[in-house]
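**Student:** I am attaching a structure below and will ask some questions about it afterwards.
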Amino acid sequence: MKKQFSLVGVDGNAFSVMGYVCKAMKSVGFNQDQVDVYKASAMNGSYYDLLNVSMEYIEKCNKRLSKGYGERRDMAVSSKTKKRNQEALDKHFDELYDKFVPARGKASTVGGEIVRAFCRINYRWFNDGDYAGYGYGLETAGPACTYLMQNEEFEEAVLKLLNIVDNDSAYEKALLRLGNAIANYLDANPAVFEEENDEDYQDYDEWYGDEDEAEERQHYYDEEEDDEESWSDTGFWDDEEEAWDF
């Protein structure tokens with residue numbers, strides 16, 4: 001195993017610290033989007049916040065290192081990745097769902113539960129228009145997102161999806177991107193379809209982000225409820241006989 005990463009001995013200059021972490025992340029297979037998320041998080045606060053975020057990512061790098069990730073392995077995996085369009089992705093997940101997801105309850109394998117969680121998010125959007133990070137979508141698709149975020153391979157893709165609202169085109173692009181990230185992960189790690197699963201994504205809590213984000217999401221939800229109440233004030237919901245009395 002390669003020598004583990006450490007900030008000990010690294011120049012304390014903020015840019016030196018960030019440069020070291022970015023290099024470490026790339027060496028164990030983190031993609032550029034994931035590196036950009038680290039950089040944004042590191043710069044969003046004080047110097048001590050930067051150090052805390054950097055140490056958190058160094059731990060992630062060392063976890064990957066202990067699992068055998070490295071430049072050669074990740075280059076081999078990346079060469080097998082596919083970029084499916086929506087139709088191809090839907091067909092791919094339909095096949096996986098039929099094969100690995102039961103009619104009721106959690107899947108028996110980790111791979112099956114990942115498929116089940118993504119299909120929930122995908123269904124709630126295309127069938128009901130639920131944004132996973134806002135409004136009713138917090139309840140219907142939020143737990144599936146929280147479950148998927150436990151896997152660092154597509155954590156950032158889930159976060160991007162959760163932070164989109166009132167932009168159907170952007171949401172569908174983010175959903176397609178997440179689907180491809182999950183599909184490619186499953187292609188590269190077929191053993192997850194043999195790994196016994198003891199989790200149900202529905203047991204996970206809805207995701208609200210930090211305190212500020214939670215307040216914003218609740219405010220958005222409250223506005224939706226106010227809109228429904230304004231319709232009720234017209235009498236349309238109160239008396240069926242008067243509903244058509246204009």
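The values are calculated or read from the model by the stated rules, or taken from the named source; none is laboratory data. Small disclaimer: the values here were computed from a predicted structure and weren't measured. As a convention, Cβ positions derive from the backbone with ideal geometry for all residues, glycine included, and neighbour counts pool all protein chains shown.
**Student:** Mind checking which residues of the range 43-57 are under 19 Å from residue 4 (Cβ atoms) and charged (D, E, K, R)?
**Tutor:** The one that is under 19 Å from residue 4 (Cβ atoms) and charged (D, E, K, R): 56.
**Student:** In the set 104, 120, which member is buried (at least 17 other Cβ atoms within 10 Å of the Cβ) and at pLDDT 90 or above?
**Tutor:** 120
**Student:** So, of the residues in the range 194-216 that are assigned to a loop (DSSP other than H, G, I, E, B) and at pLDDT below 90, which turns out to be surrounded by the most Cβ atoms within 10 Å (Cβ to Cβ)?
**Tutor:** It comes out as 207.
**Student:** If you check 161, 186, 148, which single one turns out to be of a type outside the set (Val, Ile, Thr), over 20 Å from residue 109 (Cβ atoms), modelled with pLDDT of 85 or more and within 18 Å of the chain's Cα centre (by Cα)?
**Tutor:** The conditions single out 161.
**Student:** Which one is surrounded by the most Cβ atoms within 10 Å (Cβ to Cβ) among residues in the range 5-53 that are touching a residue at least 24 places away in the same chain (Cβ under 8 Å) and over 27 Å from the mean Cα position of the chain (by Cα)?
**Tutor:** 7
**Student:** For residues that are closer than 22 Å to residue 185 by Cα, modelled with pLDDT of 85 or more and exposed (fewer than 15 other Cβ atoms within 10 Å of the Cβ), tally how many sit in the range 54-82.
**Tutor:** Looking only at that region, the number is 2.
**Student:** Okay, moving on. Would you mention how many residues in the range 100-125 are without any contact (Cβ under 8 Å) to a residue 12 or more places away in the chain and more than 17 Å from the chain's Cα centre (by Cα)?
**Tutor:** Summing the residues that are without any contact (Cβ under 8 Å) to a residue 12 or more places away in the chain and more than 17 Å from the chain's Cα centre (by Cα) in the range 100-125 gives 3.
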